[in-house]
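The values are calculated or read from the model by the stated rules, or taken from the named source; none is laboratory data. Keep in mind that this is a model prediction, so the values were computed, not measured. No Cβ is skipped: glycine too gets one built from the backbone with ideal geometry, and neighbour counts run over all protein chains shown.
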Ligand SMILES: [Zn+2]
């Protein structure tokens, strides 16, 4: 009896520890399992240009182009991919994670380009959602991205603040929060090695576009359109292709990490059950 209780306790503990991992369905027929559904979110669109560089290059165009290339890379690998937008249209921030939830996505990647008052600010930074920003710079970036709420959406945004607070408190200790940090780390490392550009770190910040997503989610700032050299670089088809490949590699790295976690989470339970039987 005691051994059975121990086995049950081990099973319950593994469920708690594994958290979101247990929601993954490993379909051996899918080459991207357990990332059976990937949602890509190119930022901004339509009347919302996002950041605009000194030469007039617009964030909304760069990130859409990168996301379309990324979709092709992932589809070529056999992954199922949907996008919050695949054309130059405006989608309210809060609708984006809702869409990912409705698609029962296994992962959500939002793609943006950065801007800063200092012209020489440059490099790549990758974020995951948190109530507290890592530092002043992370707070500034999230405040900037969160400011792109169209007038029709503004009242909704205010009404959502208490909901958002609840969600953030819930998120703080969930496994999907931990997995989001793994996702951001995986994408960030590939981005740095593929582009050779400066890494500004993996950071946490309260991005509205990540609020309410129930799956691991990350936001990558692929460079600064406010920096004339990076603006030029980001507008090149070749650099956009490098970025798309790097994010695809990051997603595949994350997939491998999740597979290892899922395998490790399952095996102790099986071992406990086997031990329990032997003990009878
Ligand atoms: Zn943006």
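Scan segment 202-220 for residues that are under 11 Å from the mean Cα position of the chain (by Cα) and part of a strand (DSSP E or B) and jot them down.
217, 218, 219, 220, listed by residue number.
Checking the structure you have, find out if any residue of segment 246-268 is modelled with pLDDT of 95 or more and outside any helix (DSSP H, G or I).
Checked segment 246-268: no residue is modelled with pLDDT of 95 or more and outside any helix (DSSP H, G or I).
Specify which of the listed residues (108, 99, 127) is modelled with pLDDT of 90 or more, on the phi < 0 side of the Ramachandran plot and in contact with a helix residue (DSSP H, G or I) (Cβ under 6 Å, 6 or more places away or on another chain).
Going through 108, 99, 127 in turn, just one is modelled with pLDDT of 90 or more, on the phi < 0 side of the Ramachandran plot and in contact with a helix residue (DSSP H, G or I) (Cβ under 6 Å, 6 or more places away or on another chain): 108.
Taking segment 24-69, which residues are closer than 26 Å to residue 258 by Cα, assigned to a helix (DSSP H, G or I) and either at pLDDT below 95 or within 16 Å of the ligand (Cβ to nearest atom) (or both)?
Result: 66, 67.
Considering only segment 79-90, I want to know if a residue exists there that is part of a strand (DSSP E or B) and touching a helix residue (DSSP H, G or I) at 6+ places or on another chain (Cβ under 7 Å).
Yes, because at least one residue in segment 79-90 is part of a strand (DSSP E or B) and touching a helix residue (DSSP H, G or I) at 6+ places or on another chain (Cβ under 7 Å).
Take the residues in segment 47-61 that are out of contact with any helix residue (DSSP H, G or I) (no Cβ under 8 Å at 6 or more places or on another chain) and surrounded by fewer than 19 Cβ atoms within 10 Å (Cβ to Cβ); name whichever of them is farthest from residue 113 (Cα to Cα).
Looking at the filtered set, the residue picked out is 47.
Among the residues of segment 220-233, which ones are surrounded by 17 or more Cβ atoms within 10 Å (Cβ to Cβ), over 22 Å from residue 81 (Cβ atoms) and in contact (Cβ under 8 Å) with a residue 60 or more places away in the chain?
223, 224, 225, 226, 227, 230, 231
Based on what the data block shows, is residue 145 within 16 Å of the ligand (Cβ to nearest atom), closer than 16 Å to residue 43 by Cβ, assigned to a helix (DSSP H, G or I) and touching a residue at least 60 places away in the same chain (Cβ under 8 Å)?
So residue 145 passes the test.
Return the residue satisfying two criteria in turn: it lies in segment 86-108 and is free of Cβ contacts under 8 Å to residues at least 60 places away in the same chain and within 15 Å of the ligand (Cβ to nearest atom), and of such residues it is surrounded by the fewest Cβ atoms within 10 Å (Cβ to Cβ).
Filtering first and then ranking leaves 88.
Restricting to segment 109-120, give me the number of residues that are within 15 Å of the ligand (Cβ to nearest atom) and over 19 Å from residue 240 (Cα atoms).
Looking only at that region, the number is 1.
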